[in-house]
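Comments concern the structure below.
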Amino acid sequence: MSGQKPPLWTKNYILLCLSSLTFCLAFHSLIPTLPLYIKEQGGSSDMAGLAMAALTVAAVLIRPIAGWALDRYGRKAILLAGLLVFLIPSFVYSFMIPIVPLLLLRFVQGFGWGVGTTAQSTLVSDIVPSHRMGEGLGYYGLANSISLGLGPALGLWLIASQSFSNLFVTSFLLTTAALGLVLLIKAPKQSNLNQGVKLVFLEKLALGPSFIILLTTITYSSLLSFLALFMQEKGLASTGWFFTFMAISSFASRPLAGKLIDKKGQTGCHTGILVGLLTIGLSLCMVAGTNSPWQLILAGCLFGLGFGFVQPTTLFLSINSVSSTRRGAANATYWTAFDIGVALGSVLWGVIANHFGYATMFYLNIIPLLLALVYYLTGKSAILRLGFSKQMGVSQN
């Protein structure tokens, strides 16, 4: 039927979601385990922390260039290059190399992570039909939610029951699977390549929603870096349950947020941002005052719910603020802001925790959320207007 709208669940979309899932699993399996490997090799806590810092710095540096390359040379080739750059260090890790070469390779791997995730996010925005963009981004984001819940557990299980070498081989195989799935994708044709796309480090039309996610991930980093230490101080061994229920809650809220955007438009985005920021704030207050595993589990559910609304909504607004020929730059701007928020938060909250303690630190997480809320409400009209004024320029095959 000629008037029938294109479906969401196409072969290309499913392959890309599966590729993102395996790629994110490979990534998250290394997050808690590489610091343990460094410590086992005789490294200090500072050196263990460099495993994440090296990757984050590299990802932030490469994303703007990746965005330009995606708009200049196309999506699929750049995505394959990013996956390959991430893949090679995983293979070398399996030889149980010393700490310094590992950290250097981790920096290189950050380039692959930055390029790969930016390219996947850009390609999915090309593949998803415009009338289901919110829902499509919501389901696509589930790959990160699932991997956040399963990846660290997989990595820790592998080193506990087998060996670090098997962990690195598993990460290599997962990334290989991600690369193989991308090879099967038939990317949409782009008619505006090779026309002198300028290298810009920030896509100004995407700055509004990107700044909101930057402030939000500043709070997210406090959980990633210090929740386990805070619970250890309180004598509660329930940190894993927080992240498990956070992932489950996010799994439920992301598709809901996407459908809300597609059905309600600007009103749906407005609701998603408000509900998300307020729910995250409530969650962090509960974390600060928690005295039982059940409180922490409820806090995890609330954080997952809130983040599951804010993240796909702000990503939708960033992507939709530009024409299809600038989606690479918009995605690069968004994910650069995401990474910067995590990096800034890790440093900021560490200083605050040392001076005032973990409970006060988690209460102070309210400040960046309030700043995000004030910023959004002040510029709401412009942010939402830009997010619904895109020009479609990609032909779906």
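Residues of region 137-184 being crowded, with 19+ Cβ neighbours inside 10 Å, aliphatic (A, V, I, L, M) and either modelled with pLDDT of 90 or more or touching a Pro at 6+ places or on another chain (Cβ under 7 Å) (or both), which ones?
Correct list: Leu137, Leu167, Leu174, Ala178, Leu179, Leu181, Val182.
Among the residues of region 225-245, which ones are small (Gly, Ala, Ser) and assigned to a helix (DSSP H, G or I)? If you could, list the steps in order and put the result at the bottom.
Of the residues in region 225-245, the ones small (Gly, Ala, Ser) are 225, 228, 235, 237-238, 240.
If the condition is that a residue be small (Gly, Ala, Ser) and assigned to a helix (DSSP H, G or I), then Ser225, Ala228, Gly240 are the ones that fit.
Please go through region 356-366 and pick out each residue that is without any contact (Cβ under 8 Å) to a residue 12 or more places away in the chain and in a loop (DSSP other than H, G, I, E, B). Before the answer, list the steps.
Within region 356-366, the subset without any contact (Cβ under 8 Å) to a residue 12 or more places away in the chain is 356-357.
Across region 356-366, the qualifying residue is only Gly357.
Hey, among the residues in region 218-241 that are under 19 Å from Thr33 (Cβ atoms) and not small (Gly, Ala, Ser), which one's nearest to the chain's Cα centre (by Cα)?
Leu224
Which members of region 107-136 meet the condition of being under 21 Å from Thr56 (Cβ atoms) and surrounded by fewer than 24 Cβ atoms within 10 Å (Cβ to Cβ)? Walk me through it before giving the result.
Going residue by residue through region 107-136, those that are under 21 Å from Thr56 (Cβ atoms) are 107-122.
Correct list: Phe107, Val108, Phe111.
So that you can scan it fast, the table gives a plain yes or no per residue for (1) surrounded by fewer than 16 Cβ atoms within 10 Å (Cβ to Cβ); (2) among the hydrophobic types (A, V, I, L, M, F, W, C); (3) at pLDDT below 90; (4) part of a helix (DSSP H, G or I):
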{"site": "Arg327", "(1), (2), (3), (4)": "no, no, yes, yes"}
{"site": "Trp335", "(1), (2), (3), (4)": "no, yes, yes, yes"}
{"site": "Val342", "(1), (2), (3), (4)": "no, yes, yes, yes"}
{"site": "Leu348", "(1), (2), (3), (4)": "no, yes, yes, yes"}
{"site": "Val351", "(1), (2), (3), (4)": "yes, yes, yes, yes"}
{"site": "Pro368", "(1), (2), (3), (4)": "no, no, no, yes"}
{"site": "Ala372", "(1), (2), (3), (4)": "no, yes, no, yes"}
{"site": "Thr378", "(1), (2), (3), (4)": "yes, no, no, yes"}
{"site": "Ser381", "(1), (2), (3), (4)": "yes, no, yes, yes"}
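Pick out the one residue from Leu282, Leu298, Leu317, Leu302 that is surrounded by 21 or more Cβ atoms within 10 Å (Cβ to Cβ) and within 26 Å of Lys234 (Cα to Cα).
Details: Leu282 fails: surrounded by 21 or more Cβ atoms within 10 Å (Cβ to Cβ); Leu298 fails: surrounded by 21 or more Cβ atoms within 10 Å (Cβ to Cβ); Leu317 fails: within 26 Å of Lys234 (Cα to Cα).
Going through Leu282, Leu298, Leu317, Leu302 in turn, just one is surrounded by 21 or more Cβ atoms within 10 Å (Cβ to Cβ) and within 26 Å of Lys234 (Cα to Cα): Leu302.
The rows are residues; the columns are (1) surrounded by fewer than 17 Cβ atoms within 10 Å (Cβ to Cβ); (2) out of contact with any His (no Cβ under 6 Å at 6 or more places or on another chain); (3) over 30 Å from Lys186 (Cα atoms); (4) not polar (S, T, N, Q).
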| residue | (1), (2), (3), (4) |
| --- | --- |
| Cys24 | no, yes, no, yes |
| Ala54 | no, yes, yes, yes |
| Leu61 | yes, yes, no, yes |
| Gly82 | no, yes, no, yes |
| Tyr93 | no, yes, yes, yes |
| Leu105 | no, yes, yes, yes |
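Please tell me if Gly42 is of a type in the set (Gly, Ala, Ser) and at positive phi. Break it down stepwise before answering.
Details: of a type in the set (Gly, Ala, Ser): yes; at positive phi: yes.
The answer is yes for Gly42.
Determine which member of the set Ser292, Ser249 is buried (at least 21 other Cβ atoms within 10 Å of the Cβ), farther than 13 Å from Leu223 by Cβ and of a type in the set (S, T, N, Q).
Ser249
Only residues that are among the hydroxyl-bearing types (Ser, Thr, Tyr) and assigned to a helix (DSSP H, G or I): list them for region 260-305, please.
Residues of region 260-305 that are among the hydroxyl-bearing types (Ser, Thr, Tyr), as a first pass: 267, 271, 279, 283, 290, 292.
Passing the criteria: Thr267, Thr271, Thr279, Ser283.
Considering (1) modelled with pLDDT under 85; (2) part of a helix (DSSP H, G or I), say which one Ile248 fails and leave the rest.
For Ile248, the failing item is (1).
Show the residue pairs meeting these rules: Cβ distance below 9 Å; 6+ apart or different chains; first residue within region 329-340 and outside the structural domain of Phe316 (by TED's automatic domain parsing) and over 11 Å from Thr122 (Cβ atoms); second residue modelled with pLDDT of 90 or more and surrounded by 24 or more Cβ atoms within 10 Å (Cβ to Cβ).
Within 9 Å, no pair qualifies.
Listed here are the residues, each with its yes/no results for (1) in contact with a Phe, Trp or Tyr (Cβ under 9 Å, 6 or more places away or on another chain); (2) in contact (Cβ under 8 Å) with a residue 12 or more places away in the chain; (3) aromatic (Phe, Trp, Tyr).
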position: Gln232; (1), (2), (3): no, no, no
position: Phe243; (1), (2), (3): no, yes, yes
position: Leu256; (1), (2), (3): yes, yes, no
position: Thr267; (1), (2), (3): no, no, no
position: Val287; (1), (2), (3): yes, yes, no
position: Gln295; (1), (2), (3): no, no, no
position: Gly304; (1), (2), (3): yes, yes, no
position: Ser324; (1), (2), (3): no, yes, no
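The values are calculated or read from the model by the stated rules, or taken from the named source; none is laboratory data. In this text, all values refer to a predicted model and were calculated from it rather than measured experimentally. Positions of Cβ are generated from backbone atoms using ideal geometry, with glycine treated the same way; all protein chains shown enter the neighbour counts.
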